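Below is one structure, written out as structure tokens; the observations come after it.
The values are calculated or read from the model by the stated rules, or taken from the named source; none is laboratory data. Everything numeric here is computed off the predicted structure, so don't read it as measured data. No Cβ is skipped: glycine too gets one built from the backbone with ideal geometry, and neighbour counts run over all protein chains shown.
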Amino acid sequence: MRLTELDYGVVLEIVKQAHDLEQIYVLNGHRDPGVLAKVIMAAANFSWVAWGEGKPIAVFGAVEQHKGVWQIYMLTTPDFRKIAIPLTRFLKRTMVPILFDELGCRRLEGFFHEDNVFIHRWVEGFGAKREYVKEGYAPDGKAYFGYAICKGTLDSQNQTR
């Protein structure tokens with residue numbers, strides 16, 4: 001896996017291929033990949049593109065919602081599993097520690113469609129806890145789940161390892 005800074009053309013390519021694009025459109029109120037790519041670019045100060053086998057596979061990062069509270073985001077192509085392990089290492093060893101230790105994050109949260117079982121397990125592997133369910137939130141009537149990791153919880157997990 002290789003990481004690079006965001007480039008609009010690359011981000012647009014990932015957005016157009018994102019396997020969960022319909023679920024993302026629900027959260028953004030439109031169906032325009034160009035608009036979504038521009039929104040991601042606007043948040044690019046703590047974001048990356050992950051590459052595997054010479055092609056872009058994921059765009060991810062975190063955006064501060066208000067002081068100390070960050071929203072994590074990630075769009076992936078169907079090739080995500082090819083980079084899941086090295087990306088997990090980067091998130092655990094680099095991204096999350098920078099957020100909590102250097103950028104003053106006390107809460108990192110994400111919001112995921114109920115069908116994204118792989119992502120639910122993945123974020124739980126980081127120590128995220130499911131805090132709520134928004135029943136019927138998606139146009140198909142399915143739910144969205146809210147997950148979060150808080151600084152105190154993260155500190156206690158690290159002490160027990």
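If HIS19 satisfies all but one of (1) modelled with pLDDT under 90; (2) assigned to a helix (DSSP H, G or I), what's the number of the condition it fails? Of (1) modelled with pLDDT under 90; (2) assigned to a helix (DSSP H, G or I), only one is false for HIS19: (2). Annotation note: Cβ proximity below 7 Å between a residue of the range 56-70 that is within 16 Å of VAL11 (Cβ to Cβ) and surrounded by 16 or more Cβ atoms within 10 Å (Cβ to Cβ) and a residue that is at pLDDT below 95 and basic (Lys, Arg) (sequence gap 6+ or interchain) occurs for ILE57/LYS82. When the residues of the range 87-106 are filtered to those that are free of Cβ contacts under 8 Å to residues at least 60 places away in the same chain and buried (at least 18 other Cβ atoms within 10 Å of the Cβ), which remaining residue is farthest from ARG2 (Cα to Cα)? Checking each candidate, the answer is CYS105.
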